[in-house]
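What follows is calculated from the coordinates using simple rules that are stated; it is not laboratory data. Quick caveat: nothing in here was measured; it's all calculated off a predicted structure. So basically every Cβ, Gly included, is an ideal-geometry build from the backbone, and we count neighbours across all protein chains shown.
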Amino acid sequence: MNSHQINIQPFSEWNPAGDKQLLIAGPCSAESEMQVLTTAAQLVEHNVNIFRAGIWKPRSKPYTFRGCGEIGFSWLKKVKREFQFPIAVEVMSANELKIALDNEIDYIWLGARTTINPYMLDELAKALENTDIPVFIKNPISPDLDMLIGAIERINSAGIKKIAVIHRGFQSVYSAPYRNEPLWDIPIKLKCQYQDLPIICDPSHIAGDTQYIEEIIKKALTLEISGLMIEVHAHPSDALSDSKQQLSPQQFGKILQNVDFQNRRKRTSNNTPEKEAALMKINSQRQLIDIYDEQIIKLLAQRFEAVKEIGKIKKGVDIPALQSNRWNAVMKQCLSLGNEFGLSDEFVTNLMELIHKQSIDLQ
Ligand code: PEP
Ligand code: MN
């Protein structure tokens with residue numbers, strides 16, 4: 001892969017949580033002064049580092065709530081003053097960036113619908129030149145690692161060195177029961193290429209429903225992510241956008257407690273930096289292997305389900321389990337695929353014989 005070097009500042013130097021995992025929380029959208037203030041007031045006790053709220057919302061349908069617009073900044077300034085929260089908003093254009101910067105916004109994020117669009121990224125990159133605002137880049141809607149890396153490169157080429165990626169899952173027909181498919185191998189592959197790039201997980205947009213948020217956070221924490229961005233609303237059922245996936249402050253606190261978020265500290269070690277870097281690389285590759293192993297087991301289970309179905313049908317019409325023509329064709333196809341992907345004939349033969357034996361036993 002021909003990737004350009006990206007030149008970013010170490011996360012610990014600009015992470016408001018220092019050496020700990022970053023916690024960003026707040027409503028999907030700013031809706032009223034009351035809503036942002038009551039939400040923020042209830043987030044103070046949970047050690048949230050950055051308050052988030054969408055001011056302009058890129059919605060699928062035009063007649064739904066599209067954000068409160070500029071008036072929201074006066075509300076967010078109050079959040080900042082009263083609770084000392086730094087503030088993050090989403091911007092989609094040079095104009096929105098300018099307004100955000102004029103209104104004392106501390107962090108911006110680029111949404112999934114922006115990261116997918118090179119023209120919008122170019123416009124934003126140009127507008128970011130000569131600023132020093134940290135930028136969170138959400139993964140694009142589709143699982144395109146090059147597109148994501150391209151977005152990082154574009155923003156970085158404007159001189160922005162405080163960059164983190166937000167993993168929010170991918171639109172997919174296979175996402176159920178989640179709103180977006182996590183495809184964990186994508187952020188891990190990104191980490192394999194860019195060890196120093198912080199990756200934050202947004203379980204709210206992966207889940208699409210509060211009931212899945214905790215399990216997604218647990219999974220993300222096993223991958224040693226650099227932080228979380230979570231949607232929290234004082235009254236989720238009244239929310240004007242993403243109502244189903246927003247946690248109440250109480251639910252939010254409970255989940256953080258269940259996953260023991262506050263007590264997780266970065267591991268310290270006495271290794272040389274070279275050894276530490278090597279260990280991190282090995283760790284990323286192992287995380288990939290774990291994901292592939294999970295896929296292999298799940299696929300095998302699906303394969304055996306199909307085998308069992310055939311078994312039932314064969315029984316009904318008295319056809320024997322073993323049919324050598326079919327088996328020869330299966331083996332032939334797998335050997336040829338194996339060749340294509342660099343697997344030896346011996347390995348493919350052994351593996352397929354083991355699978356075949358189990359299939360016959362099942363039938
Ligand atoms: C959001 O964070 O509210 C948002 C619109 O997210 P995404 O771009 O990930 O859909
Ligand atoms: Mn949202």
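Structure notes:
- Backbone amide hydrogens, once placed in the peptide plane, bring TRP109 within less than 5 Å of VAL89, GLU90, VAL91, PHE136, excluding anything fewer than 5 places away on its chain.
- Taking the average, over residues, of other Cβ atoms within 10 Å as the packing measure, peptides 245-255, 292-302, 54-64 rank 245-255, 54-64, 292-302 from highest down.
- Whole-Hz Karplus values for the stretch 86-103 come out as x, 10, 10, 10, 8, 10, 10, 8, 4, 5, 5, 4, 4, 4, 4, 5, 5, 10 Hz, taken residue by residue from phi with 6.51 cos²θ - 1.76 cosθ + 1.60 and θ = phi - 60°; glycine and proline positions read x.
- Relative to the longest principal axis of the Cα atoms of the chain, the long axis of helix 213-222 makes an angle of roughly 80 degrees.
- Furthest towards positive pole of dipole, SER29, ILE213, ILE116, structure part the chain, Cβ charges: ILE213
- Dipole magnitude of the chain about its Cα centre (Cβ charges: Lys, Arg +1; Asp, Glu -1), debye to nearest 20: 480 debye
- Helix 324-340 axis versus longest C-alpha principal axis of the chain: approximately 50°, rounded to the nearest ten.
- Cα centroid of the stretch 88-162 to Cα centroid of the stretch 1-59, whole Å: 14 Å
- Rounded to the nearest 20 debye, the dipole size of the stretch 92-165 about its Cα centre is 120 debye, using +1 on the Cβ of Lys and Arg and -1 on the Cβ of Asp and Glu.
- Backbone amide hydrogens, once placed in the peptide plane, bring ILE166 within less than 5 Å of ILE137, LYS138, ASN139, ILE200, excluding anything fewer than 5 places away on its chain.
- Signed unit charges on C-beta, dipole axis of the stretch 249-363, positive-most listed residue THR268, ILE282, HIS356: THR268
- With contacts taken as Cα pairs under 8 Å at a separation of at least 6 residues, the chain carries a relative contact order of 15 percent.
- Of all beta bridges that DSSP places with both ends in the chain, some 5 percent have antiparallel geometry.
- Rounded to the nearest 10 degrees, the angle from helix 71-83 to the longest Cα principal axis of the chain is 90 degrees.
- Prolate/oblate/rounded label for the stretch 248-363 (Cα gyration tensor, a/c 1.5): oblate
- Taking a ≥ b ≥ c as the square roots of the eigenvalues of the Cα gyration tensor, the stretch 106-216 is classed as prolate, since a/c reaches at least 1.5 and a/b is larger than b/c.
- Spin-label pair HIS356/GLN251, simplified geometry with 7 Å Cα→Cβ offset, distance in nm: 5.1 nm
- Interchain or long-range residues, amide H under 5 Å from GLY26's placed H: ARG52, ILE230, VAL232
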